[in-house]
Structures are given as structure tokens and as C-alpha cells.
Amino acid sequence: MIQTTRPMIGAPISRLDGTKKVTGSATYAFEYQFENVVYAFPVQSTIAKGRVVSIDATKARAVSGFLGLITHENAPKIAPVGLLGPNNDMAVLQSDRVAYRGQFIAVVVAETLENARRAAELLAIQYEALPPDAELRGDRTDLVNPQMLMPGMPADTEHGNVEAALSSSPIQLDQTYTTPAYHHNAMEPHATLAIWTDDSLTVYDSNQGPHAVQYMAATAFNLPPERVRVISSFVGGGFGSKGGNPHFLLTIMAAQLVKGRPVKMALTRQQMFAVTGYRTPTIQHLRLGAEQDGRLIAISHEVVEQTGTIHDFVEPTATATRMMYAAPHRRTAHRLARLDVPIPSWMRAPGECPGMFALESAIDETAEACGIDPIEFRIKNDPEVDPESGLPFSSRNLVACLRQGAEAFGWQQHSRQPGAWREGRWLIGTGVAASTFPVVFFPSTASIRAERAHHYRVLIGATDIGTGAWTALAQIAADALEVPLEQIQLEIGDTNLPMAGIAGGSAGTASWGSAIMDAAQKFRAKLYGELGGELPEGGLEVRGGMERSPYAGQYSMHSFGAQFAEVRVHMDTGEIRVPRMLGVFAAGRIINAKTARSQFLGGMTMGLSMALHEQSVMDPRFGEYVNHDLAEYHIATNADVGTVDIQWIDEVDPYINPVGAKGIGEIGIVGTAATIANAVYHATGIRVRDLPLSPDKLLASLPR
């Protein structure tokens, strides 16, 4: 008999995994318990360019419990991983070459973590060092055109006659904006536990997709995928940094050395700053041309960023500019400086996050030059179709977000004259910026298995990196099967489960949820159609999945949002406080109101941190980020965060995917920094174009 239940999708269900996490019974990668476990400690280069001449392990071998050392001289040869070719960062210990400071050059294995670390410290390493080139500048003559940002996405685009349109525009803006390097600092360290059993490998790993890590491990060590099992049941944050890093290959090598014994490795916070990725610093040249009435004529967004010398990684910084506002003449360009530095990687909202800081700052500056309210300026230039592709938007509710946010925030309560609003020695201002992020979809599969009545196992190899997937996917399954939530047993985070795409690109819930919905539909058709509602002996399992959005290529698909902030700037110290922020988002169907609010709030808090504090400081003499710990890499704390109000538009978009979700993990960070910078300008009349918004950039110009 078919049961009817109240809808779970949209309900503010508390995290189903919450009890395990707060009681400490949720097991993370490093916490799995095995007998005879040993520890691996990686050794990092202390030069930024050159080669390793020799490694003398005489003193290290005398350390109690020392089990072995792997260097480029005795490391197993591994096959190239992925599409990056043989000279990528995953080719760990494959040559004596040093391409950046902090590169892995050896790994020590010992009975205890303390002794592994001590032995690593006692290695006598000789280098042939060369002076590094580690300074990003926009005026370099050796900048490289990467041609493609990723498959199907060119590095440069141009429509119309940009130079002529800019030069003839009544209102012209020509400014440069910069963002520093940013490092992921997930709560859980990057950790791996590896065990070889005969010719099979089991890996417990903190990652954003066990099937992706399985593929990399199988490829590197020339194993059939079915002989590699990767388990990542609980992951304490990723933000793009846990898509597969060379440390997990080191751990597998160490496990080969002591075959049959489990090997654990966890990177320290300091080690992480060189080998787990970061967001490249950017130099962004924005030129805007507009009519006096505020209609944009031309937009040019040219970006310089850095990459390593091993392979090119390109942050798609200017891609949001291609579709954000209507203008007949448009250009975007990306150029790379190949430096002797660690290779950048994905970080929350790659491209949109730094790119929209520059664009939304420039939009505000142009609105002021036109004498138009910044909200009305954005609305005036809202396009009817995607300016880049010409495709209609599946839905575009940016204007609704701006209107709703303006009313909720009290936007019109104060003059837009900079520096006019004061309370004692505090200058007060408000700012606004738009947010966007594309709808991404990864192929995924899922199975529904019922072995007894009123109990459904939902199996999918997804990973919850702290976003709430354990709960949201169970809600989707309950509604798709039309059963109460308590009858759902979700199983994720294991390559023994059906293949699922990674937790990235704000695509997880939509991709995995669509696969679950398809499997549930087929399960119900089988059970209630062919089988008349009776489970066969031994139970029933049905698999489903989805490769892509059914309307891909027919619509331009994006989330949108509007962010507002009030700031206070102290006239004597330059201190910036942000007592309140508001974000209004149009992100399709909201699956869980409680966890969704947490995702939006978390993204905005990360954007606040970007605006006020975060920067990784490179010492170009040594090619090293010198503030490589949380004592000196400053992030926002509770004291920095005032009231954060989260709202969303009830948006129905039938074209994006069966779930109707656009993804919410990344859009919250997009636009936040620009919002705060715009508010600081309104408060002080000082335009800061170089993040972070530190007091020294304000003090000299503040009124006394």
C-alpha cells in the first residue's frame, strides 16, 4: 500500500548526523582504529627552485621505531594522474626537481607519529638551489595566454568594438583592483589512512569525492578500480582543497613499504599552506563605459594571476563578467605568470569570488559617476538574455533579490552622500553588491534497496563535507519514495556504493538528489507496478542516475543574490566593524531551510573574513607564504560577525534538474567583499581597491 506523508523537502530538519558529530562518534579519516598502525610524516623542500642533491638518513635511522624512508631515489614509479600529464603536482617523488618551497621531497615511516616527525627533522638534505621568481606583477613581459580556462571555456572573449566604445563613452571608469592569495583552512586536517592487503588497497581519506580519489589512486598505481576502496564517511570541510592532494599518494607509498600494516598521515596546518591548494592572487583591470543615464556601453575585464611551473592552473576570474550585465561591447581576458610557487587550486566560488569583488566595486563607482543609486544602476543594466551565449536564462531573479533586500535592509533611510552619517567618532555607511554562481551538474548514480517493509536503504557514493548532505539527501529520498523520513537509511562516502560526482561546484545536492529521484521513481514503478506492492524474497534493489541536466545547452543557468552590509569605521584608528549584513538569494528550490541558512551564512562570513582580514603574504626572496598558520593568517571570528540575516526567493525553475536546486554552497561568498568595500566608501569617501580592507589603507585619509 502506498503511504502518504508530509513533504520533507524544504523543511528545516536538524542534521541527522548532528548527534554523532557532537558526541564524537562520527569517525573521520585519521580516527579509524586499527592494530599495528604506523605513521608517515612528509618532508618538504626548504628551497623554492632547484633540485635535491642528496638525503642522508644516518641520524634518522637511529630514531627508535624508524621503519623506512621514501625519496625520489626509491619511490615507486606512478602513472600520470588525470588530464594534467606527467609533470603535474600529483607526480610526487618522481624526480629530484624542486618547483616550489614546501614541495614533498620525502616521507618517513615510523612506529609513532612523534618518532616519524623526529626522524624527518634529522634528515640531512643537500640542495642545488636557484634563485626563485615568485613575485606577481601586472607589468611582467612574460605573461602567458592560457587559451582555455577549462574545456569549452576560452580564456579570452570579445564582442563588439570595446576600445572605440570605451573612448566614446560619456562616463568612463578605468581602475585596477587586487586580491591577495587565500588559503583553505578547513577544520579537519588533510588526512589519509592506507592499508595494502595482498594486491588490493583500502584508503580512508578526507576528500570531496571518494570515486575521484579511487580513480587517481588506481591510475597512479596501475590497479583496476575495483581493487581500490576509498572511504570518506565524514569530512570536516573542504572548500575545494580536498579534491585529491599528493599527500594521499605519499601515504599509499608508505603503506606499500610496510605492506599489511595500516599507515596514517595527517598534514599539519603549516604544511597545508604549500601542498593543498590556495586561491591565486589577482590583478584585475576594469574599464567601464556608460551613458549619462547609466546604461552600460562597454565592459572590459582583464586579469593577471599566478600559477606554478609544474602545470598551469587558471582561476576563471572574469567569467561572471561575461553574463552579469548588459552591454553591447564586452571583453574579458586572463593572463598567467608562471612562478616558482605552489600551484593554485579550487577554492570556494573559484573565479566568481575574486572577480565579483572587482566587478561589483567598479559597478558602484560607475553608478556614482552617473549620479544613480547603485541598486537602480544594477537593475537598469540587468540583461534579458545571457549577453555571452544569447541563451535565455532558465530563471534570473537578481532584480527581485535587490528589491526585496533594499526593503528589508532599509536602504533608502540615509543619504548616499559619502561621509555624511556619523555617530561620535564612528563613520557609518551601507553598501550593496550582486552575487552569482553557475548551475553545475555532475553525472551520478544511486540505488534504492528494500530488504523489509518500511525500511529503505539509499546508496550513493557522495560525500558530506559539512554542508548537510546526510540530511538533505535523506529528505529528497523520503519525498521521492513517499515514505516518512525515519524509514530512510542513507549510506554515502564509500566507493563500494554507486558512483557519484564530487562535492564541489555547488553541484552535490542537485546531482546526487537527481540520481536518487530517478532511482526512487524506477523503484516505485518496479515495486508497485510489476510486483503489485509486495517485496520479493531477498528484497529489491533498483539503480538510477542522471548524466546531465535535460535542458543543458538550451538555457543559461545561474543562481543570483543581493548582499547588503552596514559598516562603522573609527575615525582615529581606521577600525572597521560590520554590525549587520543581509543576503537575499534566488537559488532554486531550497531542500532544507535550516542547513541552507547555514550555508548562506557561512559563505557570507567567509566573504567578511576575505574583506577584513585574510591574505597570504608571499616573501618573493624565498617563494614562501610566511604567515602559514592561524596565528598569522587572520580569519573572522565571532567578534567580527554581527547580525547576519538570510532570506531567499521562492524560485521555481523547471529546467535546471529534477530536484530544482541550483546550489547554495558558494554564492554566499560571492559579492560579500565588494558589499563591505562599497559600504566603507559610503562611510568614509575612501575607495579601497586592494583587499583586505585593513586600517592602514584608511588612516591617512580619514577626517581628524
Exercise. Compute the distance in nm between two label points, each set 7 Å from the Cα along the Cα-to-Cβ direction, one at Lys20 and one at Ser54.
Key: 5.2 nm
Practice problem: Using a Förster distance of 25 angstrom, determine the FRET efficiency expected from the C-beta separation of Asn222 and Glu35, and round it to 0.05. | Solution: 0.30
Quiz item: Got the relative contact order for region 55-178 handy, in percent, Cα pairs under 8 Å and 6 or more residues apart?
Solution: 27 percent
Quiz item: Tell me, what is the FRET efficiency for Asp650 and Thr176 to the nearest 0.05, using R0 = 41 angstrom and their Cβ-Cβ distance as r?
Solution: 0.55
Practice problem: Take the alpha carbon atoms of region 509-536, find their center, do the same for region 621-667, and report the distance between the two centers in whole angstrom. | Solution: 34 Å
Quiz item: Taking neighbour Cβ counts within 10 Å as the exposure measure, how do Val641, Val458, Val617 sort from fewest upward?
Solution: Val617, Val641, Val458
Exercise. Report relative contact order for the chain in percent, whole number only (criteria: Cα-Cα under 8 Å, sequence separation at least 6).
Key: 17 percent
Quiz item: Using the per-residue mean of other Cβ atoms lying within 10 Å as a proxy for protection, in what order, highest first, do the peptides 183-192, 271-280, 129-138 fall?
Solution: 271-280, 183-192, 129-138
Quiz item: For the chain, what's the radius of gyration and Dmax over Cα atoms, in angstrom?
Solution: 26.2, 83
Exercise. Would you mind ranking Phe600, Phe523 by Cβ crowding within 10 Å, fewest neighbours first?
Key: Phe523, Phe600
Self-check item: Label zone at Glu384, where the point sits 7 Å out along the Cα-to-Cβ direction: region 327-344 residues whose backbone N lies under 18 Å
Solution: 327-329
Exercise. Using per-residue counts of other Cβ atoms within 10 Å, averaged over each peptide, order 568-574, 212-218, 318-324, 421-427 from highest down.
Key: 318-324, 212-218, 568-574, 421-427
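What do you get for GluC sites (Glu not before Pro) in region 1-84 restricted to DSSP loop and a cutoff of at most 15 other Cβ within 10 Å of the site's Cβ?
Values: sites: Glu31, Glu35, Glu73; in loops: Glu35, Glu73.
Hits after loop and neighbour filter: Glu35, Glu73.
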Quiz item: What is the list of residues in region 32-57 whose amide nitrogen lies under 16 Å from a point 7 angstrom out from the Cα of Asp619, following Cα to Cβ?
Solution: 45-49
Quiz item: Percent relative contact order of region 1-135, based on C-alpha pairs within less than 8 angstrom and at least six residues apart?
Solution: 38 percent
Practice problem: Would you please state which residues of region 324-351 a label at Glu158 would reach in this model, taking the label point 7 Å out along Cα→Cβ and a backbone N cut-off of under 19 Å? | Solution: 327-336
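What ranking of His72, His454, His329 emerges when the number of other C-beta atoms within 10 Å of each C-beta is taken as an exposure proxy, fewest first?
His454, His72, His329
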Exercise. Determine the alpha carbon to alpha carbon distance for each of Lys20/Lys662; Lys49/Lys77; Lys20/Lys242; Lys594/Lys662 and list only those over 25 Å.
Key: Lys20/Lys662
Practice problem: Quickly estimate the mean residue ellipticity at 222 nm for the chain, helices only: each DSSP H run with n ≥ 4 gives -39500 (n - 2.57), and the total goes over all residues, rounded to 500. | Solution: -7000 deg cm²/dmol
Exercise. At a Cα cut-off below 17 Å, give the aspartates and glutamates reachable from Lys380, other chains included and same-chain residues fewer than 8 away excluded.
Key: Glu291, Asp293, Glu360, Asp364, Glu365, Glu368
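Each reported figure results from applying straightforward, stated rules to the coordinates on display, with no laboratory input. Quantities reported herein were computed from a predicted structural model and do not represent experimental measurements. Cβ: placed from backbone, ideal geometry, glycine included. Neighbour counts: every protein chain shown.
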